[in-house]
Each structure stands twice: as structure tokens, then as C-alpha cells.
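One structure below.
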Amino acid sequence: MFSLLSNPRRRFILQYLNRTGESIQLQDLATEVAAWENETEPEALTDKQRKRLYVSLYQTHIPKLEEAGIVDYDGDTGDIRLTDRGSDLNRYLDAEAPKDGDARPWGRYYLLVTLLGFLVYGLITIGGELGRTEMVLIGTGWVLLTVLTVLHYVETERWSAH
């Protein structure tokens, strides 16, 4: 699996197939991958860019994914679809992660708790003694960090279980 997922084109193929949830023609898939790699819209691609990707997918990437049981490829019709085994790779690709609007900004939460911790540390350092207020602040920081960590763990586990 590591070898299959180590290639960005194959990861993109799997994410694209997972996102669409239906089969796609090899030619259309090559267009989508070429647009992604060239950071442009599919309509703006040149024939050379499309053909280069088509050959790469046809000769290398699709056969490897098919051999591993990740995709089904019908050479007669040109249809490619994700198999159940391919859907299992979602946990490694974040393909089933929450959509952008639904994702929690965990990094920001951790940064906020860290900055609050530094503020409390600075106050303690300047004050020289640990008073009741500082102890409450430190305790609150530890509780916030613990709650945040548990929430993050639960949410991450929920999405990786799919």
C-alpha cells in the first residue's frame, strides 16, 4: 500500500474516484489529473498535456491500482471505478474527512491553548510567586488542553473508522 500511495498521481486518482463515487472514463480521468498537475482548468489543457497523462495512466498507474485490487478497469469501455478495497484507503488519504466548512481548526485551538500557557508562564515569571489566580489559570489551561486533546482524538477516530 505504501508503494501505491507514495505516488501523487495515484493518490489524486483515488481521491478523485472516491469524491465522485462513480465510474469515469480513462480519458476523462487523465484530463482531471492533468488539470490538477498543471494547476489549471480542464478546458485550458493542451492536447499534449492530456495525452502525456493518458499514456502514464494507461501504462503505469491504472494497471498498478488494478493489480492491487484498488480499482476495476474495463479495457473495452475505458471505465474505471473504485473497488471496496480502494474505499478502505480513505483513512490514509483523508478522502472521507469532513468537508472544508465542517472541519474543526484543531491547529488553531492548540495554538490558542499554547499561547495562553505562555501568557500564564510569563505572568508567573514576572510575579515571582504562584498566587491563587495563577494556580487557577494554570489549572484552567491544563483542563482546556485535556478537553481539546480528547475532543480531537474522538473526532479523528470517528473519521478514521469509516
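The values are calculated or read from the model by the stated rules, or taken from the named source; none is laboratory data. A quick note: this is a predicted structure, and the numbers were derived from the prediction, not measured. We place every Cβ from the backbone using ideal geometry, glycine too, and count neighbours over all the protein chains shown. Just the protein is used for accessible areas: all its heavy atoms, side chains included, with ligands, DNA and RNA removed. Shrake-Rupley method; radii C 1.70, N 1.55, O 1.52, S 1.80 Å.
Can you tell me how many residues within the stretch 6-62 are without any contact (Cβ under 8 Å) to a residue 40 or more places away in the chain, within 17 Å of Tyr73 (Cβ to Cβ) and hydroxyl-bearing (Ser, Thr, Tyr)?
6
Give just the number: which of (1) at pLDDT 90 or above; (2) surrounded by fewer than 16 Cβ atoms within 10 Å (Cβ to Cβ); (3) in a helix (DSSP H, G or I) does Arg91 not satisfy?
(1)
Could you list, in sequence order, the residues of the stretch 107-132 that are of a type in the set (Gly, Ala, Ser), over 20 Å from Tyr153 (Cβ atoms) and part of a helix (DSSP H, G or I)?
Gly122, Gly127 - these are the residues of the stretch 107-132 that are of a type in the set (Gly, Ala, Ser), over 20 Å from Tyr153 (Cβ atoms) and part of a helix (DSSP H, G or I).
So, of the residues in the stretch 141-152 that are open to solvent by 70 Å² or more (accessible area, probe 1.4 Å) and not aromatic (Phe, Trp, Tyr), which turns out to be nearest to Leu111 (Cα to Cα)?
Our first condition is that a residue be open to solvent by 70 Å² or more (accessible area, probe 1.4 Å); within the stretch 141-152, this holds for 142-144, 146-147, 150-151.
Within this subset, residues satisfying the condition of being not aromatic (Phe, Trp, Tyr) are 143-144, 146-147, 150-151.
On the way: Val143: 15, Leu144: 12, Thr146: 14, Val147: 14, Val150: 16, Leu151: 15 Å.
In this case the residue turns out to be Leu144.
Would you say Thr156 is at pLDDT 70 or above and either open to solvent by less than 60 Å² (accessible area, probe 1.4 Å) or of a type in the set (Val, Ile, Thr) (or both)?
Here the answer is no, as Thr156 does not meet what is asked.
Quickly run through the stretch 5-47 and pick out the residues that are of a type in the set (A, V, I, L, M, F, W, C) and exposed (fewer than 14 other Cβ atoms within 10 Å of the Cβ). Talk me through it step by step, then tell me what you get.
In the first step, residues of the stretch 5-47 are kept if they are of a type in the set (A, V, I, L, M, F, W, C); the result is 5, 12-14, 17, 24, 26, 29-30, 33-36, 44-45.
Residue satisfying the conditions is Ala44 alone.
Checking Asp72 against (1) assigned to a helix (DSSP H, G or I); (2) surrounded by 14 or more Cβ atoms within 10 Å (Cβ to Cβ); (3) not small (Gly, Ala, Ser): exactly one of these is not met. Which one?
Tallying (1) assigned to a helix (DSSP H, G or I); (2) surrounded by 14 or more Cβ atoms within 10 Å (Cβ to Cβ); (3) not small (Gly, Ala, Ser), Asp72 fails exactly one: (1).
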